[in-house]
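The structure appears right after this line, and notes come after that.
Laboratory data are not the source of any read-out in this text; all were calculated from the coordinates shown. It should be emphasised that the depicted structure is a prediction, and the values quoted were computed from it without experimental measurement. We place every Cβ from the backbone using ideal geometry, glycine too, and count neighbours over all the protein chains shown.
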Amino acid sequence: MNAWITIALLVVSNVFMTFAWYGHLKLQQMKVISSTTPLIVVILISWGIALAEYCCMVPANRIGFQGNGGAFTLPQLKVMQEAITLVIFTIFTVVFFRGESLHWNHLAAFLCLLAAVYFVFMK
């Protein structure tokens, strides 16, 4: 059960992280903020969103880590988090930035990351 809780928290965490890192670009496109909005304002907005990310990421790692009775080793947690990040980022890009296109090399990179997940979980 801890494994599924960990994965769910990692997914939620990465949704917040993606919005914290790239959401301001969409807000700029939507004219909610402008390119002249002071950088400190954008950083503070991103930090506010990132706080929610940390509130999910820290428990995910704590619950999921074998040293705390979880199902995953530290390398497994990290590689799994990176794979989840790429999936969330890809969905975010396709849904919110329709002008951005994905190419064969993006798929190749994703397949390499899936291979990394396979290898890190291999006994």
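General remarks:
- Sites matching chymotrypsin sites (Phe, Trp or Tyr not before Pro) across the stretch 39-123 that sit in DSSP coil, with at most 15 neighbouring C-beta atoms within 10 Å: 97
- A DSSP coil position with no more than 11 other Cβ atoms inside 10 Å describes the following trypsin sites (Lys or Arg not before Pro) in the stretch 5-79: 31.
- The Stokes-Einstein estimate for the stretch 3-47, based on a Kirkwood radius over Cα pairs and taken at 20 °C with 1.002 mPa s viscosity, is a diffusion coefficient of 184 µm²/s.
- ³J(HN,Hα), Karplus 6.51/-1.76/1.60, whole Hz, each residue of the stretch 63-78, x for Gly, Pro: 5, x, 6, 4, x, 10, x, x, 9, 10, 7, 4, x, 5, 4, 5
- Compactness of the chain, expressed as Rg and Dmax over alpha-carbon positions, Å: 16.5, 52
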